[in-house]
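First the structure, in the form of C-alpha cells, and then the observations on it.
The values are calculated or read from the model by the stated rules, or taken from the named source; none is laboratory data. In this text the structure is predicted, and so the values were computed from the model without any measurement. Cβ atoms come from the backbone with ideal geometry, glycine included; neighbour counts cover every protein chain shown. These area figures cover heavy atoms from the full protein model, side chains too; ligands, DNA and RNA do not enter into them. Shrake-Rupley method; radii C 1.70, N 1.55, O 1.52, S 1.80 Å.
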Amino acid sequence: MVVLIGSRNSKRTEYFLKAADNLGVPVHFTGWEDIFAGFGYGTLEGAVVKIDPPSYNITDLEIMQENLLIYKDALKRLSSCKCHFLNTPEAILNVLDKRLAKEELVKYGIPVTEMLLSNINSSEELLDFMKDNREYSLFIKPVDYSGAAGVLAFRLNPVSGRMKLYTSCRLDNGRLYNTKRLSAIDNTTEIINIIDKLAGIGSNGSMAGLIAERWHPKSSFNGRSYDLRVVVQYGNVRHIVVRQSDGPVTNLHLNNNAMDFKELNLPGNIEEDICKTCKKAASVFKGLNVCGIDVMLDRGSRKPRIIEINGQGDLIYQDIFSENKIYTEQVNMLSGKA
C-alpha cells in the first residue's frame, strides 16, 4: 500500500495523485489534520509512505514557530512506524535543522556557504562578532524555517556604522510577519528590533537562536544574481531550476524569476561539478532519497556551494506542469514498478 501524508488542497498532493492515477497505482491519502488529531499510526504498518509538509496560510512567525514544533513532534512519532518511507522522518528532521545539516556537509568535505556563527541570541552579540572579526556582510537565518521565512541579508558599514537589511519580514506592533515581498531597510532602530525579535522567537522551544553565514558573492546572468534549486532523486539529478533576483534572496515565491538551467549555457565541466556536489551532499543523510538542494556558484570561479538542503523540496512547477517526471518516478519506485 502506497500512502501519501500531506495537505488536501496543494499542488504537491494533486500532481502526485495524478502521477499515480496515470500509472494505475492506488494511493491512500492521509491529511495532516488527521495526523495531528491522533492518527492511528499502527495502520501504516507495512505501507510505503511519502511525507509532504503541511500547508499553512500563516504569516506570523511566532505562530509558524508553534506549528513547526507540532510538525516536528509528529515526525518523531512517525519515525516509530513499522513502514517504509520515501524520506524517513529522521532524514527530514536532520536537514530541516540548518545548523546540523551544514555541520554534516562540512564534515564530509562538501563546499558550503560558510557558517560563521552557530547561535545568535541578540543583535548586540551579532554586531560584536561582526566588528571583532571584520565580517560586515552576513546572511542570518533561523535554524528551522524554510521558504525564506525569517532570512535576513545584513550589511554593516564598518566606518559609518550604517546598516542595510534585506528581508521579507515585517515588524508590526511587536509581531514579526513573513511577506511575499523583499524589502530593503536602512533604519537602524528597525533593523535592530527585527534581529532581536527574530532571535527571541528562535530561542523558544527547540529552535535555539539563529545562525549566520558568510555572504558569498553569487554568479550573475544578464545583470541579475542567481542560484539553483537542484532536485536529487534516488542518487540522480532530476531537475535544475535557476532562481534569478535583483536582490540577495532568490526564493521564487518572492516574485523572483525562474529560468531554465540550459539558458545559462554553462560549460559542461561546471554542470558536472554541480551535479557531483549535489549528489554527494544528498548521500550524506541516511534515509534521504529525494531532496531539493539550493546551490550557488561563486562569482568568478563558478564553483558550487551548497546553501541548504530541503528534505521536501521536490515541488517544481516547470516539471509538474510539463511531464510530471519527478512524481512519476516516485510513484514507480514506491509501488515497486521501477
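Considering only segment 53-96, state which residues are crowded, with 19+ Cβ neighbours inside 10 Å and within 19 Å of GLY200 (Cα to Cα).
Within segment 53-96, LEU61, MET64, GLN65, LEU68 qualify.
Applying the selection to segment 293-304, what residues are in contact with a His (Cβ under 9 Å, 6 or more places away or on another chain) and either farther than 17 Å from SER220 by Cα or crowded, with 21+ Cβ neighbours inside 10 Å (or both)?
Correct list: MET296 only.
I'd like to check something: does segment 51-63 contain any residue that is of a type in the set (S, T, N, Q), free of Cβ contacts under 8 Å to residues at least 60 places away in the same chain and either within 30 Å of ARG170 (Cβ to Cβ) or assigned to a helix (DSSP H, G or I) (or both)?
yes
If you go through segment 126-142, how many residues are surrounded by fewer than 21 Cβ atoms within 10 Å (Cβ to Cβ) and on the phi < 0 side of the Ramachandran plot?
Residues that pass the stated criteria total 10.
Check ILE201 against each of (1) farther than 30 Å from SER283 by Cβ; (2) of a type in the set (A, V, I, L, M); (3) open to solvent by 50 Å² or more (accessible area, probe 1.4 Å) and name the one condition it does not meet.
So the condition that ILE201 fails would be (3).
Pairs only if they're at least six apart or on different chains, beta carbon under 8 angstrom, first in segment 325-336 and hydrophobic (A, V, I, L, M, F, W, C), second open to solvent by 20 Å² or more (accessible area, probe 1.4 Å) and part of a helix (DSSP H, G or I); list them, first residue then second.
Partner pairs satisfying both residue conditions: VAL331/LEU23.
Residues being closer than 30 Å to THR167 by Cβ, among the hydrophobic types (A, V, I, L, M, F, W, C) and at pLDDT below 95: count how many of those fall in segment 37-73.
Result for segment 37-73: 7.
Being outside any strand (DSSP E or B) and surrounded by 15 or more Cβ atoms within 10 Å (Cβ to Cβ): is that true of GLU308 here?
It is false that GLU308 is outside any strand (DSSP E or B) and surrounded by 15 or more Cβ atoms within 10 Å (Cβ to Cβ).
Given GLY268, GLY287, which one is open to solvent by 10 Å² or more (accessible area, probe 1.4 Å) and on the phi > 0 side of the Ramachandran plot?
The unique qualifying residue is GLY287.
If I ask for residues that are in contact with a helix residue (DSSP H, G or I) (Cβ under 7 Å, 6 or more places away or on another chain) and assigned to a loop (DSSP other than H, G, I, E, B), which ones from segment 176-192 would you list?
none
When you scan segment 311-338, how many residues do you find that are aliphatic (A, V, I, L, M), in a helix (DSSP H, G or I) and open to solvent by 40 Å² or more (accessible area, probe 1.4 Å)?
Residues in segment 311-338 being aliphatic (A, V, I, L, M), in a helix (DSSP H, G or I) and open to solvent by 40 Å² or more (accessible area, probe 1.4 Å): 1 in total.
When both residues are 6+ apart or on different chains and their Cβ atoms are under 8 Å apart, which pairs have a first residue that lies in segment 80-98 and is among the acidic types (Asp, Glu), and a second that is surrounded by fewer than 17 Cβ atoms within 10 Å (Cβ to Cβ)?
Cβ pairs passing all conditions: GLU90/SER79; GLU90/LYS286; GLU90/GLY287.
Let me confirm something: among ALA258, ALA281, which residue is touching a helix residue (DSSP H, G or I) at 6+ places or on another chain (Cβ under 8 Å) and surrounded by fewer than 16 Cβ atoms within 10 Å (Cβ to Cβ)?
From the options ALA258, ALA281, the qualifying one is ALA258.
Among the helices (runs of 4 or more DSSP H) confined wholly to segment 71-175, which include 2 or more residues that are β-branched (Val, Ile, Thr) and in contact with a helix residue (DSSP H, G or I) (Cβ under 9 Å, 6 or more places away or on another chain)?
89-96
Would you be able to tell me the number of residues in segment 1-42 that are in contact with a Cys (Cβ under 9 Å, 6 or more places away or on another chain) and part of a helix (DSSP H, G or I)?
Total satisfying the criteria: 2.
Can you report the number of residues in segment 16-26 which are in contact (Cβ under 8 Å) with a residue 12 or more places away in the chain and surrounded by fewer than 20 Cβ atoms within 10 Å (Cβ to Cβ)?
6
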